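Peer 1: Quick one: the structure is below, and I'll ask about it shortly.
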Amino acid sequence: MTLLALFHLLVFGVMDSAGMYQYNFLINATVVGVRPESAARLYSDIAEILLSEENPKDLASSQATSENYCKLVFTPLVYDKSTADSFYTSLMRARDNFNDGNVSVAIGPYMEVFTSTDYVITKQTHILTSAAGQNAGMMDPDRVVSILPEPSSLSSVIAATVRELKWKDVAFLAQDDFSPVLSMGQSGIQVWPIRLPNKVKSPDDPELKRNLIELRKSQRKIFILHSNNRDVVMNVLQAAQQIHLLHDKIDWFVTYPDFEDFLSENTTWSGTLYGLQLLREEKIPQNISDVVDLHNVTMSRLDLATAIDVVGLLRHILWKEAPGCNRERLLDDHIVSAEAFTWQLKNTTSPYNGALGQYIWDKSSKGRTNFTIDILRYIGYTKQEIGQVVFINGTADVTLSQFNQTRAVLAEPLEMKKIKLRVATQQQDPFIMIGPDNTYSGFSYDLIQKISENTRYEFELYETEDDDVKVKTNGMVNALVSGNASMAIGALEVTAEREKLISFSYTVMSSQASILIKKADSTTNYFQFLGPFSGELWAMILLFIMVAGLALYVMSRFDPTQEGNVQRFDLKESLWYSLNIILQGSTDYSPQTTSMRAIIAFFWFCVLIIEAAYTANLAAHLTLQQIDNRIKTVHDLAGQSSLMYGVERGSDLHEFLQNTKEDPYERLWAFIKLNEDKVLLDNTTEIINRVKAGTMAFIADGVTNGYYANQHCGIESIVQNFQTKDFSLGFPKGAPYLDDINQALLRLKEEGVLDTLRSKWLETGKNCTEEDKSRSISQKTTPELELTNMIGVFIVLGVFIGVAIIVDVASRMYKWDKNTRKAKTTTELNQSCETNVFDNQVNK
């Protein structure tokens, strides 16, 4: 027995109590790596479990035995390149180790010179436990085999699958292995390779996020994520989900050989994912998983399956090389030599079936030539097996047996879970208002609530701030560009500069500049019919009527024709006759004498002049009442100096007036510049108070002024025809959910919801009385007379009707009382007379 074999036997305790060797057939495996000790212990524990089982199922049952005289020995070999001396020492130790022909096999990853088949591993077969280095130049294909499929084979599988899925334009994400790009290119597929960061430690990796954000801007719909590192794949998928690159309108193809490992109950993906499933979970014994837990080793299912298949493959070769594992002990151990191991591996007629499928190697290649991979799809939070890839001797044959069927099923709407979007916003009335405890309200907030009801998105708002008010890309835009937000709402104006950086939804509101001004004071006059004449003239007309009536009365006293007439020109009838003439009434009689007729003729002439003058003046008076001389346009503002006007300091309108050289904007800016300290404001309360006081007009965006007019009575917003703006929702470039939001906006527009929200937040004077509204310039649309213009006439009529009724009632009561008293007096006189008569008779 060699000293090395004796060392192995002593280390792993293979002697029984009698001092004889318990195991007669051995495979000495050297585990290479930077820290190979834990891997060697794990391999040993797995070997103990597998060798304790019955003979491999693919061997003849005649070899079954209750005893086992075979052993797998794993020796760690450290590769240390921390210093030049340590590197040289570890390299020399490795060469000495592998110069021993009793070392059957090398196990571990490719590590440059340390695992070179030309200088170090010169006799043994090297079983690669990772995909890295499979194409390295310092490796002899005859003595290197890989547990995982060789990159060129996997490239063929990927290209065949993509071709069968009928994808023509894909983005390919990888860290170092871009071999599938060439295979797909040869299949007529246009590929856009994207290099991932060399180290991806978390989904929040800044470089990773920048790459994905730029990738999102490309608006590509198909992504292939190629890596055999589970952590890298998981971090990339989580980062993509954070910026909503996982979407049902985007397809992702994950080439990691254990796609099911990403589909645990605790992990949900919001998009459509395709994946390859090489690993067979049922091939991983539960007791081996328990051993991993005891070692406190953090490893993926793929790493565990690789370890199991390494040990299982060695066991398979051991049973092939040592068919007498069940025979009696020998005087000496039989160690499988490196040459025998390599020959048996390449010439075995019964392939090994492990957790990663069937193992068959071509004699001239280090790659697995025959294996089968399932194609899975994850959509709608469910997993589906849609096909299979069979790789035989360099050819990948893809069968999508369920693909068309599942496509038809997916044409129906899926029950999707809510997707949360992080929304950046800024406080700006009336778009977004932030109250106590970070409670939100406003037009934009109500809008996204309606959008949430019509889509599968829900929103988480947070407030941003501008670093510089002069910067066109404000805090919301910066949040979208940097990837800190998935959406932005508020007073987000669509501009050319912003369009270069972000995407906008359909317009949710359009606006123009407006003037916020105090409403005119109420001038309601119920007696406008008295307006054509002054008070002195009305008094003179009344005196004129009375004088004419008295004149008629006096002249009638000397009219001989009045004698004997039932109706006479007494004082009452004379005054009534005069009033009838001036009111164009009719009379039943007329004067007969020349003098009275002369008075009446002159009176008629005066009445004619008075009525003509009244009619003309009344028409003019009512016309003047309809003429509105209030300020309604910026031309009116620029043409006067009695009322001050201003804008918000630092606003877009401030910049517009400052840079515009056209009239009347140039005159407006000249006035504002002259009174800069008084009219450039930034305090909302001061603006409202000064406008309500009538000392100032405020020029601002129509949405802002409309909201102020909505909340405060006594002021109004007068829209102007300049400084047009469109407000929209903001999104990162290439956001896949933008179409969903736009469709929801169109539905809300068709249903009238957008108009309702605008009315709720912008309708002028919404909280005011009808009287306040009537004072608005916007209400002065037609010149017709209103009730207030003529109500005085009806008031006069009502008053005189009331007076007439009162006079009539008083007259009747007076007459009734007079008649009652007269009857009483008569009765008393009669009784007195009767008493006197009776007394006289008695005396007689």
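The values are calculated or read from the model by the stated rules, or taken from the named source; none is laboratory data. Keep in mind the model is a prediction, meaning the values are calculated, not measured. Positions of Cβ are backbone-derived with ideal geometry, glycine not excepted, and every protein chain shown enters the neighbour counts. Just so you know, the surface numbers come from the protein's heavy atoms only, side chains and all, with ligands and any DNA or RNA stripped out. Shrake-Rupley method; radii C 1.70, N 1.55, O 1.52, S 1.80 Å.
Peer 1: Using a Förster radius of 45 Å, what is the FRET efficiency between K815 and I609 based on their Cβ-Cβ separation? Nearest 0.05, please.
Peer 2: 0.60
Peer 1: Label Q427 and D142 with points 7 Å out from Cα along Cα→Cβ: what is the distance between them in nm?
Peer 2: Spacing of the two 7 Å Cα→Cβ label points: 8.0 nm.
Peer 1: Taking 56 Å as R0, compute the FRET efficiency from the Cβ-Cβ separation of L579 and Q711 and round it to 0.05.
Peer 2: E between L579 and Q711, to the nearest 0.05, is 0.55.
Peer 1: State, to one decimal in nm, how far the label point of K346 lies from the label point of T268, with both points 7 Å from Cα in the Cβ direction.
Peer 2: 5.4
Peer 1: May I ask which of K283/K320; K249/K420; K221/K417; K209/K749 have a Cα-Cα span longer than 24 Å here?
Peer 2: Pairs exceeding 24 Å: K209/K749.
Peer 1: While we're on this one: Would you please put 712-721, 796-805 in order of how densely packed they are, using the mean number of other Cβ atoms within 10 angstrom per residue and starting with the highest?
Peer 2: 712-721, 796-805
Peer 1: How far apart, in nanometres, would the label points at I795 and R630 be if each is projected 7 angstrom from Cα along the Cα-to-Cβ direction?
Peer 2: Here the modelled spin labels are 2.2 nm apart.
Peer 1: Based on the mean of other beta carbon atoms within 10 Å per residue, what is the order of 479-492, 346-359, most packed first?
Peer 2: Result, highest mean Cβ count within 10 Å first: 479-492, 346-359.
Peer 1: Right, something else. Hey, with R₀ at 30 Å, roughly what FRET efficiency would N659 and T695 work out to, going by the Cβ-Cβ distance, to 0.05?
Peer 2: Between N659 and T695 the formula returns 0.60.
Peer 1: A further question follows. To the nearest 10 Å², what's E465's accessible area with a 1.4 Å probe?
Peer 2: Answer for E465: close to 150 Å² accessible.
Peer 1: Starting from the residue with the highest accessible area, list R163, R821, R498 in decreasing order, probe 1.4 Å.
Peer 2: R821, R163, R498
Peer 1: Still on this structure, I have one more. Can you sort E648, E214 by solvent-accessible area, 1.4 Å probe, largest first?
Peer 2: Heavy-atom accessible area, descending, gives E214, E648.
Peer 1: Moving on to the next point. Suppose the chain between K572 and S130 were pulled fully straight at 0.36 nm per residue; how much longer would it get relative to their current alpha carbon spacing?
Peer 2: 146.3 nm
Peer 1: So how much slack lies between K166 and Q841, counting 0.36 nm per residue of separation and subtracting their Cα-Cα distance, in nm?
Peer 2: 228.2 nm
Peer 1: Determine the gain in length on full extension of the stretch Q831-N675; use 0.36 nm per residue of separation and subtract their C-alpha separation, reporting nm with one decimal.
Peer 2: 46.2 nm
Peer 1: Of the accessible area of the range 179-265, with the probe set at 1.4 angstrom, what percent is carbon plus sulfur?
Peer 2: 45
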